[in-house]
Amino acid sequence: MDLYEYQGKQLFRQFGIPVSDGRLATTPQEARRAAEEIGGQVVVKAQVLTGGRGKAGGVKLADDPADAEHKAREIIGLDIRGHVVEKVWIERASEIAKELYLSVTFDRGAKRPLFMFTTQGGVEIEEVAANNPDALVRLHIDPLEGFQPWVARRLVYGAGVEDPGEQKQIASIVEQLYRCFVASDAMLCEINPLIVTPEGEIKALDSKFTVDDSALFRHPDIAELRDTSAADPLEALARDKGVTYVKLDGTVGILGNGAGLSMSTVDVVVTAGGRPANFCDLGGGGDAEGVVDALEVITRDPQVKSIFFNIFGGITRGDEVARGILEALDRIEIAVPIVVRLDGTNAEEGLKILADAAPPNLHVSPTMLDAARTAVELAA
Ligand code: GDP
Ligand code: MN
């Protein structure tokens, strides 16, 4: 899960990393009020989940509240690489003497967190790595040892920071950033630029923050930061119900148990000449409640003209899935035909349950290819 700049900065602040005072605004009028409250010169910053906002015209200085309103009007609605700006962050403007770069990320190859630090901040880090690799200090952290003071010293001296005041502040930010990274189960915490003001004060002017989705259950406060308005309503419903769902652009709704089988189901529908409307994975359990939830999500998509329900019973039991299908047909109105292929554990019991109930809109096929052909035909 990627956080917006202002959300990342909230977390930075909680961990003692210096950031500027700011307010969120969704309209030019709100931007004006925010600038009035902050006072003096402010910077108006597009809040979108993509970088390079400055170059795209999404970061602008404003001299007074009227100017902030004007700049916000320019930025709200701007399309930055496919992301339309809906919110701006109004922040007290900083004077910049130097721009540094500091990040900690999870290096999967090394199986360790990796710090990167350079005094060549403010530009894309890939640029520094390509053109001036010696200026970029890289340092892995042993997760069992955790942060040690020498880590910060190695980064600071390695990058050639000479001012003792700067060294001390950067060392402290390195330590806080590592604590923030570990405590939030982050995959990336990046500060670009980390600035030095003319007074010698160091602070985070930007934030890029990615949290491990699989760890969000441990961080309800962070999970809550997810912007559901920006998400597809069907995908939001799926996430609410704990269903793995990806919207595609065809007409055959796909439901399988397990990611591998669901992917194969997508393939076999294409082989049969159809186009999948989605990818939906019931997971390993496949109890009745899960089936109802998944069918509810799929049938909300008006593009779905038929549903191919592909089950191979391993842990999942065929009779349980069959009961789930009947329960779903009972509880929600499903206008489109459902084609079921059921094999594996308790398949016979499951098929018998379906045959006995014989709901009108349900077709049972013995093989995967056969079921796919039927579903494609019914969708046409
Ligand atoms: P990004 O382009 O998406 O990475 O957005 P940043 O937050 O990094 O801002 C881009 C650039 O705008 C920074 O590198 C700064 O040069 C400039 N900038 C941002 N905030 C301020 C500020 O408070 N004062 C000044 N003078 N420049 C700023
Ligand atoms: Mn930046």
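Throughout, read-outs are computed from the coordinates displayed, never taken from laboratory work. The structure displayed is predicted, hence computed values, not measured ones. Here the Cβ is made from the backbone with ideal geometry for all residues, glycine too, and neighbour counts use every protein chain on show.
Taking θ as phi - 60° and the Karplus parameters 6.51, -1.76 and 1.60, the scalar couplings of the stretch 299-306 work out to 6, 6, 7, x, 6, 6, 10, 8 Hz in sequence order, x denoting glycine and proline.
Arranged from fewest to most other beta-carbon atoms within 10 Å of their beta carbon, ASP67, ASP206 become ASP67, ASP206. Take the Cβ atoms of GLU348 and GLU162, set R0 to 56 Å, and the FRET efficiency comes out at 0.10. Cα-Cα over 19 Å: which of LYS111/LYS208; LYS9/LYS208; LYS45/LYS208; LYS9/LYS241? Exceeds cut-off: LYS111/LYS208; LYS9/LYS241.
Between ILE76, ILE202, ILE332, the residue with the greatest mean-square fluctuation in the GNM of the chain (Cα pairs under 10 Å linked by springs) is ILE332.
Shape class for the stretch 248-380: rounded, because the ratio a/c of the largest to smallest gyration tensor axis (alpha-carbon atoms, square roots of eigenvalues) is under 1.5. For the chain, adding -39500 (n - 2.57) for each run of n ≥ 4 DSSP H residues and dividing by the number of residues yields -11500 deg cm²/dmol at 222 nm. Compared with the direct C-alpha span, the chain from GLU289 to ARG92 gains 65.9 nm at full extension, assuming 0.36 nm per residue. Projecting label points 7 angstrom from Cα along Cα→Cβ for ALA259 and ASP213 puts them 0.9 nm apart.
Across the stretch 320-330, coupling constants 3J(HN,Hα) worked out from phi with the 6.51/-1.76/1.60 Karplus curve, θ = phi - 60°, read 5, 5, 4, 5, x, 4, 4, 5, 4, 4, 6 Hz, and Gly and Pro carry x. Counting charges near LEU351 (Lys, Arg +1; Asp, Glu -1) among other residues having Cβ under 12 Å from its Cβ returns a value of -3. Residues in the stretch 369-378 carry Karplus couplings, in order, of 5, 4, 4, 4, 4, 4, 4, 5, 4, 5 Hz; the curve used is 6.51 cos²θ - 1.76 cosθ + 1.60 with θ = phi - 60°, and Gly or Pro positions show x.
Distance between the 7 Å Cα→Cβ label points at LEU369 and TRP150: 6.4 nm.
Relative contact order, whole percent, for the chain stands at 12, derived from Cα pairs under 8 Å and 6 or more residues apart.
Panel order for LYS55, LYS168, LYS208, by other beta carbons found within 10 Å of each beta carbon, from fewest to most: LYS55, LYS168, LYS208. Going from the fewest other Cβ atoms within 10 Å to the most, the residues ASP185, ASP240 appear in the order ASP240, ASP185.
Taking amide H atoms as placed 1.01 Å from N in the peptide plane, the amide H of ILE80 lies under 5 Å from those of VAL85, each 5 or more residues away in sequence or on another chain.
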